[in-house]
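Working notes, structure below.
Derivation of every value follows stated rules applied to the coordinates shown; laboratory data play no part. All values derive from a computational prediction rather than experimental measurement. As a convention, Cβ positions derive from the backbone with ideal geometry for all residues, glycine included, and neighbour counts pool all protein chains shown.
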Amino acid sequence: MSARRRPPSDDGRLRLDRDGKDWPLRDQSRFVEAGGLRWHVQILGDGPTLLLVHGAAASTHSWRDLAPRLARRFRVVMPDLPGHGFTDPLRARDLSLPGMARALGALARQLTPLPDVAVGHSAGAAVLARMCVDGAIAPRALVSLNGAWLPFEGWAGQVFPFMAKLLFLNPFTPRLFAWSADRQAASRLIVGTGSKIDARGLDLYARLFANPGHVEGALGMMANWDLESFRRDWPRLTTPTTLVVAEGDKAVPPRDAEIVARALPNARIERLPRLGHLAHEEAPAELAALIERVAHEAGVL
């Protein structure tokens, strides 16, 4: 895709001073210029640096209960991905997995020291893995929380990216979706992932889904997600990788982790029997303990 309509105006995007006055961990928010973008980043705690990267259509709010637990032992860095939450969108030519990884790499260099541990959820795990392969970061441990490493299977794998691209190119789609988004719609989407989260979480997702700029950012990310090319580079990922798999995940098939683990030089699987795709929001204490254990085994703690 070589061209597209102009990015939405400021009125079409979330603003922290207007839309995020009660945003989780707002007192830890800052804006950082890196790679030509203005990033919304939250940083809390002291210790080894731990980078948390959310998945498509989410934001820093996804870590609201996990991050404070991790901040007891880490310097936790949480950005909104490009086009998500309060971060600027990428240009069309950079809307790809490598492009997203390059952009986040520029931010990581601006926020030195680079991460000792990198934790990504869903598509965020793929971004971090791409960064490791490309040498943008070199953490001592990579944690993939229900990582989206593989394309959708069969018919869905062919049709979904095509439909996402068509919707992304339609200038009315983000606003139409946003106008129809409410708490009930957000609840249906979350339930579809196999997770049960609290009312506060549902309200925050509803706020994001009701914003056309955020919707456009998520659609643009999904429309340009080439995971087949990424798969060819898996053998180059030498970073010790823990694939955390929630057995109730309805968004990413739990069996995908076995395919990934067989292809990576240094990977293991950790299973969570009761949780869904948003396991870190459902059971933050359990996930914090798991991440600390991984960091300890890697010699970070």
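Apply the a/c threshold of 1.5 to the C-alpha gyration tensor of the range 203-292 and tell me whether it is rounded, prolate or oblate.
Numbers: a/c = 2.23, a/b = 1.22, b/c = 1.82.
Because a/c hits 1.5 or more and a/b fails to exceed b/c, the range 203-292 counts as oblate.
Within the chain, antiparallel bridges make up roughly 30 percent of the DSSP beta bridges whose residues both belong there. The residues neighbouring residue 283, those whose beta-carbon lies less than 15 Å from its own, together hold a net charge of -3 under the Lys/Arg +1, Asp/Glu -1 convention. For residue 55, the amide hydrogen comes within under 5 Å of the amide hydrogens of 121, 124, counting only partners 5 or more places away or on other chains and with H modelled in the peptide plane.
Order 274-280, 89-95 from most to least packed using the mean count of other Cβ atoms within 10 Å. Mind showing how you got there, number by number?
Values: 274-280: 23.4, 89-95: 18.7.
In descending order of packing, they fall as 274-280, 89-95.
P(r) tail for the chain: Cα pairs beyond 37 Å make up 6% of the total. Residues whose amide H falls under 5 Å from that of residue 83, counting only those 5 or more places apart or on a different chain, are 88, 90, with hydrogens built in the peptide plane. Annotation: amide H-H contacts under 5 Å for residue 269 (H modelled 1.01 Å from N, sequence separation of 5 or more, or interchain): 243.
Our Cα-only numbers for the range 21-111 put the radius of gyration and Dmax at 12.7, 39 Å.
For n ≥ 4 DSSP H runs only, could you compute -39500 (n - 2.57) per run for the chain, divide by its residues and tell me the 222 nm figure to the nearest 500?
On the way: 13 runs with 123 residues, N = 301.
Taken over the chain, the calculation gives -12000 deg cm²/dmol.
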